[in-house]
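Asker: What follows is a single structure, and I will ask about it in a moment.
The values are calculated or read from the model by the stated rules, or taken from the named source; none is laboratory data. This structure is a prediction, so every number in the text was calculated from the model and none was measured. Glycine also receives a Cβ, built like all others from the backbone with ideal geometry; neighbour counts cover every protein chain displayed.
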Amino acid sequence: MTRRVSSTDGTPGGDALLRARIRQRFAGTAPGNDSGEAWLAGLPPELTASFHHLMPAQPTRAAVLVPIVDRDEGLTVLLTQRAADLKHHPGQISFPGGRLEPDDEGAVAAALRETEEEIGLRRSFVEVVGYLPDHLIISGYRVTPVIGFVRPGFELELDTTEVSEAFEVPLQFLLDPAHHKARRRQLGEGEIEVYDIPYGERNIWGATAGMLMTLYRLLSE
């Protein structure tokens, strides 16, 4: 099943300094590989290393799109809510994306293909500007987050077997440390500090919150 969702038309603008900072910070970055650094739940690599033994030796490769919509009123991040009856992570807030398939030429191809399949956002609206470090997911995935600016004027068509809703959150809200809520999580025999980002009645947590925290940390350097 599909469901159509129209975006508000607009021209790029607003948040000029933040937009420029994103371009500057991630210019020249490359998608991760199996031997490169990887972050766990947004933890820096020096802390992630302590938990590598909990990950499979050959994690499944995946990619997500971090879609930053360039609106007149400011930059927003386009997120999805997974369908409630999915086997894995039902109802969780996520970036569009999924595993790399044999025909994909890399992380960008996988992220854009999965985004089109899940929410109908055509790749012609997306300008890839860089990458976050790979993120390790305890369920056995190594995910490459692909950062893209999205031109307004798109129309979404949701695959409701995978996605129940798509919505936007102001990027400034997500980057504001006042909205980052720390909690302790048991991981193996140890504990780590992870962050949730509540937004209205929603709660952004898990891998998605971890990637957003990585974005925050790298932009704050």
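Asker: Determine whether Gly32 is in contact with an Asp or Glu (Cβ under 7 Å, 6 or more places away or on another chain) and either in contact (Cβ under 8 Å) with a residue 12 or more places away in the chain or under 19 Å from Leu219 (Cβ atoms) (or both).
Answerer: yes
Asker: Of everything in segment 146-156 that's buried (at least 16 other Cβ atoms within 10 Å of the Cβ) and part of a strand (DSSP E or B), which residue is farthest from the chain's Cα centre (by Cα)?
Answerer: Applying the filter and picking the extreme gives Leu156.
Asker: Still on this model: Just to check your reading of the model, which residue among Thr115, Thr144 is touching a helix residue (DSSP H, G or I) at 6+ places or on another chain (Cβ under 7 Å), on the phi < 0 side of the Ramachandran plot and among the hydroxyl-bearing types (Ser, Thr, Tyr)?
Answerer: None of the others qualify; the one that does is Thr144.
Asker: Let me ask another. Right, Gly206: within 17 Å of Ile93 (Cα to Cα) and modelled with pLDDT under 95 or not?
Answerer: yes
Asker: Here's something else I'd like to know. Of all residues being assigned to a helix (DSSP H, G or I) and in contact with a helix residue (DSSP H, G or I) (Cβ under 9 Å, 6 or more places away or on another chain) in segment 158-207, which is surrounded by the fewest Cβ atoms within 10 Å (Cβ to Cβ)? Just the residue, please.
Answerer: Among residues in segment 158-207 that are assigned to a helix (DSSP H, G or I) and in contact with a helix residue (DSSP H, G or I) (Cβ under 9 Å, 6 or more places away or on another chain), the one surrounded by the fewest Cβ atoms within 10 Å (Cβ to Cβ) is Pro177.
Asker: Which condition number in (1) surrounded by fewer than 22 Cβ atoms within 10 Å (Cβ to Cβ); (2) closer than 25 Å to Arg19 by Cα; (3) in contact (Cβ under 8 Å) with a residue 24 or more places away in the chain; (4) not acidic (Asp, Glu) is the one that Leu121 fails?
Answerer: The failed condition is (1).
Asker: Out of the residues in segment 71-90 that are assigned to a strand (DSSP E or B) and surrounded by fewer than 21 Cβ atoms within 10 Å (Cβ to Cβ), which is modelled with the lowest pLDDT?
Answerer: Taking the candidates together, the pick is Arg82.
Asker: Residues of segment 91-118 being acidic (Asp, Glu) and surrounded by 20 or more Cβ atoms within 10 Å (Cβ to Cβ), which ones?
Answerer: Glu114, Glu118, listed by residue number.
Asker: Among the residues of segment 39-51, write down those that are in contact (Cβ under 8 Å) with a residue 12 or more places away in the chain and not in a loop (DSSP other than H, G, I, E, B).
Answerer: Once the filter is applied, which keeps residues that are in contact (Cβ under 8 Å) with a residue 12 or more places away in the chain and not in a loop (DSSP other than H, G, I, E, B), segment 39-51 yields Trp39, Leu40, Pro45, Leu47, Thr48, Ser50, Phe51.
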